[in-house]
Every structure is written in C-alpha cells, then in structure tokens.
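Each value in this text was obtained by applying a stated rule to the coordinates, not by laboratory testing. Quantities reported herein were computed from a predicted structural model and do not represent experimental measurements. FYI the Cβ positions are ideal-geometry reconstructions off the backbone, even for glycines, and counts take in every protein chain you see.
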Amino acid sequence: MDDLIRIRLDLAYDGTKFAGWARQPTERTVQGVLEDGLATILRTKPLGLPAPRLTVAGRTDAGVHARGQVAHVDVPVSRWEQMPGRSDRSPGEAMVTRLAGVLPADVVVQRASPAPEGFDARFSALHRRYSYRIADDLTYRDPLRRTHVLFNRRPLDVPAMDAAVRPLVGLHDFAAYCKPRPGATTIRELLDVGWERTGPGADAGLVVARIVADAFCHNMVRAIVGASIAVGEGRRPVEWPAELLASRARTAGAAVVPPQGLVLEEVTYPADGELAERADRIRARRMDEEVWTDTARPGSYRPGS
C-alpha cells in the first residue's frame with residue numbers, strides 16, 4: 001500500500017449557498033464539494049484508492065464565510081508526486097491549479113503544501129479569529145454586500161456593545177451562548193472580543209466585531225453578536241451579556257443572529273516543533289471535558305485545564 005503524505009490546504013469560501021462545512025448526504029457543503037474535487041484530481045475512484053477525507057480547523061455553519069480556513073488531507077505519496085504531470089510546477093502549485101479547474105467559483109484553495117510533522121488542522125490550532133459585520137445606517141447599506149453584511153434597522157451604540165462583551169474574555173462555560181450538542185463541552189477560552197465602527201476603507205461605516213478564541217461551540221459567535229445588538233439597541237443593559245454568561249442557561253439566551261455577517265478570518269498555529277504536542281494536549285483535553293460533561297451533575301462547572 002502506498003505511503004501517505006499529509007497536505008495542508010489554505011482556503012476561502014462564500015458560504016451563502018452552502019449548508020455549512022460538514023458533509024451531508026443530501027446537502028451542498030464545503031467539505032463535500034472539496035472532497036469530491038480532490039477525488040477527481042487524485043483519480044482515487046478509478047485507481048481503487050480510498051476517497052480523500054478532510055479535517056478542518058473550524059466547522060462553519062450554513063451561510064458562514066471563510067477567508068482564512070485551514071484543512072488537512074492525507075493523500076498517497078505517489079499521487080502527490082505525480083500531480084505536476086509534465087509541467088515544471090511544484091506538486092502544491094499543480095494541486096491548486098487543478099482544483100481551480102474542478103471547484104465551483106464560491107470555494108477557492110489558495111495554497112497546498114506538505115504539512116509539518118505532527119500537524120493537525122483542528123487540534124494543533126492555537127486560536128480562530130472571526131469577524132461579524134453590521135450596517136446600521138442606510139448610508140452604508142450596499143446591496144452588493146447583502147450576503148456578507150447584516151442590515152440592522154436601528155442605530156447601534158458601539159461603545160456600549162464593546163464594553164458589554166469585554167467581561168466575556170477568559171475561560172468560561174459558554175452554555176448560555178451555545179446550542180447544546182450531546183456529549184459536547186461548552187467550556188471555551190475567549191481570548192479577545194470587541195466592537196468598533198470602522199473608518200475609511202472597504203468596511204467604512206460598518207460596525208465590526210472581532211472575536212478570538214481557542215475554539216468555538218455551536219452558534220457561540222452568533223449568540224454573542226445577538227447579545228451585543230440587544231445592548232447596542234438599548235433593549236438590554238451593558239451588564240446583561242456577563243449576567244447571561246454567569247447564568248449558563250440557554251433558555252434565557254441571546255438571539256442567534258443570521259449567518260451572513262460572519263467570517264472566519266484566520267487560524268493561528270504554533271511553531272512547527274510544537275504542533276504535535278499541541279495537538280496531543282488539546283485532543284486529550286477535549287476528550288476529558290466531554291467525558292466530564294457526560295457524567296457531571298446538571299448545573300455544575302469545572303474549569304478546563
């Protein structure tokens with residue numbers, strides 16, 4: 001059997017017409033489209049090879065976009081080395097070019113390269129950075145950006161929104177901000193969060209969130225944005241998002257905003273020599289948290305290690 005080589009893929013996509021990242025039998029997904037494209041250029045089916053399977057840094061929901069998504073795939077060494085054919089391109093350059101020829105216009109693989117030893121797109125990541133864009137002024141409602149910016153009918157108090165989310169930074173149980181999933185932990189470390197109204201440039205006049213965490217649970221970012229908007233419109237006091245966090249009660253949670261304003265901007269990794277240790281440690285921690293979540297008494301909380 002041919003040896004395998006792990007390939008890191010850096011990619012971007014417009015999530016508007018995708019039912020999220022994860023492959024689904026009857027839905028169009030980013031993972032499904034990419035794996036089918038890889039199978040085509042690697043000729044796995046005609047050659048009787050296993051179908052390519054991607055591991056991704058962040059599983060985005062339906063309608064969510066990405067500029068800085070990262071995934072990895074293990075492919076036969078022989079297929080990787082044969083990728084350039086008769087050209088003088090590197091295998092990575094050839095893979096990017098070939099994928100561009102079979103993928104739809106709303107997903108682009110920008111780089112393909114052999115991953116460093118120990119690299120895992122999901123578990124080696126240090127943090128993920130998301131943005132969320134809102135237009136709360138008719139002056140800045142560009143219909144050409146309606147699939148990438150949330151149009152809010154009321155003006156927003158941006159300084160109040162920024163002050164409201166600052167207490168969320170740190171290691172917490174974000175149960176009040178997450179859609180529960182069986183056996184999945186809601187403990188996350190929020191590294192940075194804030195709101196600003198942008199000045200001159202591509203996002204001029206927009207209200208933009210910056211949200212950075214080690215990882216995110218389902219709907220966490222969009223619920224934080226929903227709580228922020230409630231404060232920005234004056235429907236809730238500045239203290240409310242922190243009070244909601246402390247309650248750990250999803251039933252009293254913030255509204256989950258639509259997905260179109262959300263973009264995965266960046267995934268950051270440690271130095272090459274630290275990748276394997278990071279992956280092993282985070283994988284073990286996630287497993288420990290999920291086991292503990294299954295056996296803990298309701299309402300209790302133990303900080304992650």
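Which percent, nearest 5, of DSSP beta bridges in the chain are antiparallel?
Around 90 percent of the beta bridges assigned by DSSP in the chain are antiparallel ones.
Give the residue list of trypsin sites (Lys or Arg not before Pro) in the stretch 6-96 that are DSSP loop and have at most 10 other beta-carbon atoms within 10 angstrom.
Numbers: sites: Arg6, Arg8, Lys17, Arg23, Arg28, Arg43, Arg53, Arg59, Arg67, Arg79, Arg86, Arg89; in loops: Arg23, Arg28, Arg43, Arg53, Arg59, Arg86, Arg89.
Counting only loop positions with at most 10 other Cβ atoms within 10 Å, the trypsin sites (Lys or Arg not before Pro) in the stretch 6-96 are Arg86.
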* Structure fact -> One finds the C-alpha centres of the stretch 79-136 and the stretch 205-276 to be spaced, in Å, by 27 Å
* Structure fact -> Per GNM of the chain with C-alpha springs under 10 angstrom, the most fluctuating residue out of Trp21, Trp240, Trp195 is Trp240
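What order do you get for Thr251, Thr29, Thr40 when you list them from fewest to most C-beta neighbours inside 10 Å?
Numbers: Thr251 6, Thr29 20, Thr40 16.
Ascending number of Cβ neighbours within 10 Å: Thr251, Thr40, Thr29.
In the stretch 107-166, which trypsin sites (Lys or Arg not before Pro) are in a loop and have at most 13 other Cβ atoms within 10 Å, using DSSP for the loop call? List each step's numbers first, then the result.
Numbers: sites: Arg111, Arg122, Arg128, Arg129, Arg133, Arg141, Arg145, Arg146, Arg153; in loops: Arg122, Arg141, Arg146, Arg153.
For trypsin sites (Lys or Arg not before Pro) across the stretch 107-166 that sit outside H, G, I, E and B with at most 13 neighbouring Cβ atoms in 10 Å, the list reads Arg146, Arg153.
Could you work out [θ]222 nm for the chain from helices alone, using -39500 (n - 2.57) per DSSP H run of at least four and dividing by all its residues? Round to the nearest 500 deg cm²/dmol. Provide the component values of the computation, followed by the final result.
Working: 7 runs with 80 residues, N = 305.
Using -39500 (n - 2.57) per qualifying helix, the result is -8000 deg cm²/dmol.
What's the longest uninterrupted piece of the chain once you rule out the GluC sites (Glu not before Pro) that are loop residues per DSSP with at most 13 other Cβ within 10 Å? Don't skip to the answer; put the middle values down first.
Details: sites that count: Glu117, Glu239.
The longest such stretch corresponds to 118-238.
Let me check against my output: what whole-number percent is the relative contact order of the stretch 127-268, with C-alpha pairs under 8 Å and at least 6 apart?
37 percent
Would you mind ranking Thr26, Thr186, Thr44, Thr147 so that the residue whose beta carbon has the fewest other beta carbons within 10 Å leads the list?
Fewest-to-most Cβ neighbours within 10 Å comes out as Thr26, Thr147, Thr44, Thr186.
Expressed in nm to one decimal, what extension gain is obtained for the pair Ser87 and Val108 from 0.36 nm per residue of sequence separation less their Cα-Cα distance? Before the final figure, lay out the partial values.
Numbers: separation 21, 0.36 × 21 = 7.56 nm, distance 2.16 nm.
Separation in residues times 0.36 nm, less the Cα-Cα distance, equals 5.4 nm.
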* Asked: So what's the angle, to the nearest 10 degrees on a 0 to 90 scale, between helix 30-42 and the longest Cα principal axis of the chain?
  -> 10 degrees
* Asked: For the stretch 127-268, which semi-axes, largest first and in whole Å, follow from the square roots of 5 times the eigenvalues of its Cα gyration tensor?
  -> 24, 17, 13
* To do: Give the long-range amide H neighbours of Glu266: residues separated by 5 or more places, or on another chain, with amide H under 5 Å away, using H modelled in the peptide plane at 1.01 Å from N.
  => Gly68, Arg129
* Correct option for mean projected area of the Cα convex hull in nm² [calculated from the coordinates] among [x] 15.0; [y] 16.0; [z] 18.0 -> [z]
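By counting other Cβ atoms within 10 Å of each Cβ, how are Asp74, Asp203, Asp162 ranked from fewest to most? Write out the running numbers ahead of the final one.
On the way: Asp74 15, Asp203 18, Asp162 21.
Ordered from fewest to most neighbouring Cβ atoms within 10 Å, Asp74, Asp203, Asp162 come out as Asp74, Asp203, Asp162.
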